[in-house]
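Below is one structure, written out as structure tokens, with a few remarks after it.
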Amino acid sequence: MEKLTVKHDELTADQFIELWESVWGGAPTFEQVDLAMKHTLFRVSVFDGDRIAAMARMVGDLGLEYYIKDVVVRPEYQGKGIGRLLIGELMAFIDRSSVKGTTVFVELAAMPDKAPFYEKLGFSANEALRLRKMYEVGKC
């Protein structure tokens, strides 16, 4: 493993798809990801040499709401503090971008087995039920 490098707002659609496939499989299409990268508030990625090792995205409105998306660390890099580094980079982005002296919502969705990781970083569950709908575009 070479020295890890952190990059901001350089994550490409191809790198996103490669990393997504390495952990979850079944990545979205290139067109979807490319559009998402263009409209993401902040992207942080970690590279081991030229190899993408981890990523995370921030979406939101810069005023009231931030939502952490797609925190992905390749399995062979997990347990090395990279997830904590990603969250730290996202929180630093909020500090640079938000109105000083205010409070904002920072939310994320986590699988139950990942909840303890996020709880150690100050996140907590609430009573809200996360709802979703997989909507096929153009079928209405």
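The values are calculated or read from the model by the stated rules, or taken from the named source; none is laboratory data. Predicted model, so just to flag it, every value in this text is computed and none were measured. Using ideal geometry, Cβ is built from the backbone for each residue, glycine included, and neighbour counts are taken over all protein chains shown.
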What is the number of the single condition among (1) within 21 Å of Arg84 (Cα to Cα); (2) assigned to a helix (DSSP H, G or I) that Asp70 does not meet? (2)
Would you confirm whether any residue within segment 65-76 is hydroxyl-bearing (Ser, Thr, Tyr), more than 17 Å from Lys7 (Cβ to Cβ) and either buried (at least 18 other Cβ atoms within 10 Å of the Cβ) or in contact (Cβ under 8 Å) with a residue 12 or more places away in the chain (or both)? yes
Just for segment 51-64: of the residues that are surrounded by fewer than 21 Cβ atoms within 10 Å (Cβ to Cβ) and out of contact with any helix residue (DSSP H, G or I) (no Cβ under 6 Å at 6 or more places or on another chain), which one is nearest to Ala13 (Cα to Cα)? Arg51
Residues (over 14 Å from the mean Cα position of the chain (by Cα) and either of a type in the set (A, V, I, L, M, F, W, C) or surrounded by 17 or more Cβ atoms within 10 Å (Cβ to Cβ) (or both)) located in segment 25-40: Ala27, Phe30, Leu35
Qualifying residue in segment 4-11 (condition: farther than 25 Å from Arg96 by Cβ, in contact with a helix residue (DSSP H, G or I) (Cβ under 9 Å, 6 or more places away or on another chain) and surrounded by fewer than 17 Cβ atoms within 10 Å (Cβ to Cβ)): no
Options Gly138, Gly63, Gly101: the member that is modelled with pLDDT of 95 or more, at positive phi and in a loop (DSSP other than H, G, I, E, B): Gly101
